[in-house]
1. Looking at Gly84, Gly114, Gly124, which one is farther than 23 Å from Thr34 by Cβ, at pLDDT below 95 and either within 16 Å of the ligand (Cβ to nearest atom) or not hydrophobic (A, V, I, L, M, F, W, C) (or both)?
2. How about region 134-149: which of its residues are surrounded by fewer than 18 Cβ atoms within 10 Å (Cβ to Cβ) and within 16 Å of the ligand (Cβ to nearest atom)?
3. Which members of region 44-71 meet the condition of being within 16 Å of the ligand (Cβ to nearest atom) and either in contact with a Gly (Cβ under 8 Å, 6 or more places away or on another chain) or assigned to a helix (DSSP H, G or I) (or both)?
4. Out of region 24-56, which residues are in contact with a helix residue (DSSP H, G or I) (Cβ under 7 Å, 6 or more places away or on another chain) and at pLDDT below 95?
5. Among the listed residues Thr93, Thr107, Thr103, Thr141, identify the single one that is among the β-branched types (Val, Ile, Thr), over 27 Å from Gln29 (Cα atoms) and touching a residue at least 12 places away in the same chain (Cβ under 8 Å).
6. Quick check, is His101 within 16 Å of the ligand (Cβ to nearest atom), out of contact with any His (no Cβ under 6 Å at 6 or more places or on another chain), in a strand (DSSP E or B) and under 22 Å from Val55 (Cα atoms)?
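The values are calculated or read from the model by the stated rules, or taken from the named source; none is laboratory data. Treat the numbers as computed from the prediction; the structure is a model and nothing was measured. Cβ sites come from the backbone with ideal geometry, for glycine too, and all protein chains shown count toward neighbours.
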Amino acid sequence: MTRMTALLERNEQFARTYTPSALGIPARQLLIVTCLDHRVDPAIILGLQLGDAPVIRNAGGRVTQAVIDDVAFIGFLAGQLFAGQAGQGADDTLFEVAVIHHTQCGTGFLADPGFRRQAAAATGLPEAALEASAVTDPNITVGADVQRLLAAPSLPPKVSVSGHVYDIATGRLTTTHDARYP
Ligand SMILES: [Zn+2]
């Protein structure tokens, strides 16, 4: 028995009616970047189905260099997959990256210097990096991260970026930055 036992039973139920699909373009032509918070599961709050959209999650849903690198690779991969699909012209867009930050984010504690000092000592991460990752006002940080991704030299040209804020209290997602290209 592990804590996974109950979930393995759920997986057994899932696998009974599962139909595999081939690697291809995500059905929604979207890539989601959001917080790892267990209250902000994109599959549930956005009703994603298997094959709809890749999801990148980290603390805060921040656009870090690691996220930029993943977006660049997925953009390349999508370009290759698109090239193999009939009926796709050179002007087609690849996908939209939707950056989603949320209210009540746990990274908000990092805005407090005392908490941040303790976190740095416990994790070995630089205090400045922890401070930069804090989401205290998601409306502000999501805008900064949309700009950061749009400014990244490795962002594929056929990829657009949008920004959104998810309200934990209401379950509602609001678009704060409409999709645009670099
Ligand atoms: Zn969060």
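1. Details: Gly114 fails: at pLDDT below 95; Gly124 fails: at pLDDT below 95.
Answer to the check: Gly84.
2. Passing the criteria: Thr136, Asp137, Asn139, Ile140, Ala144.
3. Ile44, Ile45, Ala59, Gly60, Gly61, Val67
4. Here is the first cut: in region 24-56, the residues in contact with a helix residue (DSSP H, G or I) (Cβ under 7 Å, 6 or more places away or on another chain) are 24-25, 31-37, 48, 54-56.
Hits for region 24-56 are Gly24, Ile25.
5. Working: Thr93 fails: over 27 Å from Gln29 (Cα atoms); Thr103 fails: over 27 Å from Gln29 (Cα atoms); Thr141 fails: over 27 Å from Gln29 (Cα atoms).
Among Thr93, Thr107, Thr103, Thr141, only Thr107 is among the β-branched types (Val, Ile, Thr), over 27 Å from Gln29 (Cα atoms) and touching a residue at least 12 places away in the same chain (Cβ under 8 Å).
6. On the way: within 16 Å of the ligand (Cβ to nearest atom): yes; out of contact with any His (no Cβ under 6 Å at 6 or more places or on another chain): yes; in a strand (DSSP E or B): yes; under 22 Å from Val55 (Cα atoms): yes.
Taking the combined requirement at face value, the residue satisfies it.
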